[in-house]
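The values are calculated or read from the model by the stated rules, or taken from the named source; none is laboratory data. As the structure is a prediction and not an experimental result, all values here were calculated from the model. In this analysis, Cβ positions are derived from the backbone assuming ideal geometry, glycine residues included, and neighbour counts consider all displayed protein chains.
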């Protein structure tokens, strides 16, 4: 009887530990898909497409496109650094700063 209780207790402990580990895994997945990060990265992807379109249409040169891509790349790198400092997500202040930088690049596209 003692052995049965011990096995039942160990099974419960292992099950509880597995559930806690699953919760931690979903938290890290949530951080990767955090809405503020998704919004910033979606804007960068849209700007990338706009840059390519402007080059195809002859609105900007390849050199101008390369400069804009570099600026976007720097913004993306900054977003990743910010996220690494805040547990996988960015704060509202981080998002605001990144959006301001994206706005500056956006205004340069198609001038």
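Taking the stated definitions as given, is residue 87 on the phi > 0 side of the Ramachandran plot and modelled with pLDDT of 90 or more?
no
Applying the selection to region 37-96, what residues are within 16 Å of residue 107 (Cα to Cα), assigned to a loop (DSSP other than H, G, I, E, B) and either within 22 Å of the chain's Cα centre (by Cα) or in contact (Cβ under 8 Å) with a residue 24 or more places away in the chain (or both)?
Correct list: 59, 60.
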